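Take a look at the structure below.
The values are calculated or read from the model by the stated rules, or taken from the named source; none is laboratory data. No experiment lies behind these values; they were computed from the predicted model shown. Note that each Cβ is placed from the backbone with ideal geometry, even for glycine, and that neighbours are counted across all protein chains shown.
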Amino acid sequence: MLHSPGHILSILQQVPDPEIPVISIVELGVIRDIQVNGSAVEVKITPTYSGCPAMKQIEDDVRAILKKEGFEEVIVKTVFDPPWTTDWIPEEAKEKLRRYGIAPPEHTTQDKSWLTGKQKTVLCPRCRSANTQLISQFGSTACKALYQCKDCLEPFDYFKCI
Amino acid sequence: MSNALFQYTLRLGDSSLILAQRLSEWTGHGPFLEEDLALTNIALDTLGTAKSFLEYAAQVEGKGRTDDDLAFFRNEREFFNPLITEQPNGDYAKTMVRQVIMDVYHLYLYKELAKSKDTTLSGIAQKAIKEVTYHVRHSASWLERFGNGTDESHQRAQDALNELWQYTQELFETPGSEKELLAQGVAVNLQDIQAKWETHVDELIRKANLKKPENVFMQRGSLDGIHTEHLGYLLAEMQHLPRMHPTAKW
């Protein structure tokens, strides 16, 4: 059986992110490289955050699904360079996050205005209002901040732009 | 060479590990929910960085030890974390002052380490910079609030600065074993980052209307594995479970 990296990528598309199951680990941007050698495959993944506890789960999930697909040897390696960025999340996946109730990262990491104290406008994923406020830079997981909508009053997670 | 690299990476890992352990003590005890979450997140980032460094240290050592072995089965004298990282949390002002000192330190340390000739170290550093940038913003905003808050919060922040300042010089000490790594462009020249750290921290102290401590006797010892009494207690808590049940699986 011949496998191309593209075929493997389509298999990995079926693996949901362990904490945000509406997007796949491919859409999350953590799959960095795929090498196939006969029935052996090596997948390189990169962590979203250094301490992200989901990385071990992602590693196990990748191994499990590829074994199930008939690969005898599956090696999952962690790479750090280049560091993960939310810029790798495609627009379709951002829309999925929004529908799930998580405000997706706004714009790109090239926008550094928040460093000088300016806060970017984050739209409420429920009512799309721009009248929202930052509650905390740190939220329910490492990758999220906590916001609240001042119109519909819904508190929500914002996927930090890094 | 590889022994020097092991020592260097181990020290980077120990520094983050012990600070993360201290920060995690706040989990469930934060002054309010959002801060509890914030500190737990910062602890998690810091622990993640520690894990990356210790995994690499174990690999460089090549004696079959793992990151867990390094974290849980070494004794006090075999840890090389700076003394400031092991200091007890105290009140929230003290934790935040310690965090300002360390966050700004890590920011400049990792910015330089990101240029290291060692690609693993530079990769870990590039990853950590993004996280530390958030940490600095968090701790600096608290310092400013404490300093300009009530008389009580101002006094507590000043007391914390006065107490912790004696551990700051040690952060910039370079052991002899690092000279070779420095020449090879692997290690960071700590003297270079000291000036940047001072400028940045001075500015934060000024904005908070606090006073920078002067003529302080500077403590040292961690480069030789000599610690304050607090590390032993910290390790006892951190290590007791794997030491009691070394074959336990998560």
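Restricting the stretch B:8-45 to residues that are buried (at least 24 other Cβ atoms within 10 Å of the Cβ), among the hydroxyl-bearing types (Ser, Thr, Tyr) and more than 17 Å from B:Leu235 (Cβ to Cβ), the residue that is nearest to the other protein chains (Cβ to nearest Cβ) is B:Thr9. Among residues of the stretch A:51-73 that are on the phi > 0 side of the Ramachandran plot, those with a Cβ under 8 angstrom from a residue that is of a type outside the set (Lys, Arg), sequence gap 6+ or separate chain, pair up as A:Gly70/A:Met1; A:Gly70/A:Ser39. Looking only at residues of the stretch B:182-195 that are under 18 Å from the mean Cα position of the chain (by Cα) and crowded, with 16+ Cβ neighbours inside 10 Å, we find that the one that is farthest from B:Lys115 (Cα to Cα) is B:Gln194.
Hey, could you check the stretch A:35-58 for residues that are part of a strand (DSSP E or B), surrounded by fewer than 18 Cβ atoms within 10 Å (Cβ to Cβ) and of a type outside the set (D, E, K, R) and say which is nearest to the other protein chains (Cβ to nearest Cβ)? Among residues in the stretch A:35-58 that are part of a strand (DSSP E or B), surrounded by fewer than 18 Cβ atoms within 10 Å (Cβ to Cβ) and of a type outside the set (D, E, K, R), the one nearest to the other protein chains (Cβ to nearest Cβ) is A:Gln35.
Restricting A:Glu92, A:Glu106, A:Glu19 to those that are part of a helix (DSSP H, G or I), acidic (Asp, Glu) and at pLDDT below 95 reduces the list to A:Glu92.
If the condition is being of a type in the set (Lys, Arg) and surrounded by fewer than 16 Cβ atoms within 10 Å (Cβ to Cβ), then the stretch B:71-90 contributes only B:Arg77. Quickly run through the stretch A:62-89 and pick out the residues that are within 14 Å of another protein chain (Cβ to nearest Cβ) and in a helix (DSSP H, G or I). A:Thr86, A:Asp87, A:Trp88 - these are the residues of the stretch A:62-89 that are within 14 Å of another protein chain (Cβ to nearest Cβ) and in a helix (DSSP H, G or I). Once the stretch B:196-243 is narrowed to residues that are surrounded by 12 or more Cβ atoms within 10 Å (Cβ to Cβ) and among the small types (Gly, Ala, Ser), the residue that is farthest from B:Thr174 (Cα to Cα) is B:Ala208. Reported count of residues in the stretch A:118-155, each being within 14 Å of another protein chain (Cβ to nearest Cβ) and surrounded by 21 or more Cβ atoms within 10 Å (Cβ to Cβ), is 8. Just one of the numbered conditions (1) touching a residue at least 40 places away in the same chain (Cβ under 8 Å); (2) surrounded by fewer than 20 Cβ atoms within 10 Å (Cβ to Cβ); (3) outside any strand (DSSP E or B) is not true of A:Ser10: (1).
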